[in-house]
1. How would you order 50-58, 67-75 from highest to lowest mean count of nearby Cβ atoms within 10 Å?
2. Considering only protein heavy atoms and a probe of 1.4 Å, how much of the accessible area of the chain is carbon and sulfur, as a whole percent?
3. What's the extension gain from residue 31 to residue 43 if we count 0.36 nm per residue and subtract their Cα-Cα distance?
4. Normalised by the number of residues in segment 70-114, what is the relative contact order in percent for Cα pairs under 8 Å and 6+ residues apart?
5. With 12 Å as the cut-off, how large is the P(r) tail for segment 63-114, expressed as percent of Cα-Cα pairs?
6. Which ³J(HN,Hα) values in Hz, rounded to whole numbers, follow from the phi angles of segment 74-85 under the Karplus curve 6.51 cos²θ - 1.76 cosθ + 1.60, where θ = phi - 60° and Gly and Pro get x?
7. Counting only heavy atoms of protein chains, what accessible area per residue, in Å², does the chain have with a probe of 1.4 Å?
8. Would you mind getting me the FRET efficiency between residue 52 and residue 1? Use the beta-carbon distance for r and R0 = 22 Å, nearest 0.05.
Amino acid sequence: VQLVESGGGLVQPGGSLRLSCRASGFTFSINAIGWYRQAPGKERELVATITSGGSTNYVDSVKGRFTISRDNAKNTVYLQMNSLKPEDTAVYYCNANLYTVDYWGKGTLVTVSS
């Protein structure tokens with residue numbers, strides 16, 4: 001199982017970024033995928049999830065600003081992040097839970113700063 005995140009970077013407050021998570025080594029289309037983030041000095045928190053059927057869920061702090069989506073043909077999950085705030089600064093991780101085992105990517109750093 002491999003999860004590879006990309007798309008992070010430095011962006012000004014109010015800006016946008018799109019993160020990608022490319023998956024391999026398992027049947028992507030039938031599994032839910034989640035995006036988590038970990039800010040400096042804080043615990044990792046769940047940001048958004050998407051089920052195999054496309055149902056989505058978000059933490060309250062990103063509702064209306066972030067959108068999670070998936071392209072099963074490309075084995076990829078996206079996180080579109082708009083109206084970014086400094087408090088969104090974190091390393092963002094992709095997660096798949098397969099048969100009760102958590103798999104993680106190495107993360108991609110998002111920095112929101114002027």
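The values are calculated or read from the model by the stated rules, or taken from the named source; none is laboratory data. Remember, it's a predicted structure, so these values are computed and weren't measured experimentally. FYI the Cβ positions are ideal-geometry reconstructions off the backbone, even for glycines, and counts take in every protein chain you see. We work out accessible area using only protein heavy atoms, side chains counted, and drop any ligands, DNA or RNA first. Shrake-Rupley method; radii C 1.70, N 1.55, O 1.52, S 1.80 Å.
1. Numbers: 50-58: 13.1, 67-75: 15.3.
Result, highest mean Cβ count within 10 Å first: 67-75, 50-58.
2. Numbers: 2900 of 6130 Å².
Percent of accessible area from carbon and sulfur atoms in the chain: 47.
3. Working: separation 12, 0.36 × 12 = 4.32 nm, distance 2.47 nm.
Computed gain between residue 31 and residue 43 is 1.9 nm.
4. 35
5. 74
6. Here the 3J(HN,Hα) series is 9, 6, 9, 10, 10, 10, 7, 10, 10, 6, 5, 10 Hz.
7. Working: 6130 Å² over 114 residues.
That works out to 54 Å² per residue.
8. Details: r = 16 Å, r/R0 = 0.73.
The formula returns an efficiency of 0.85 here.
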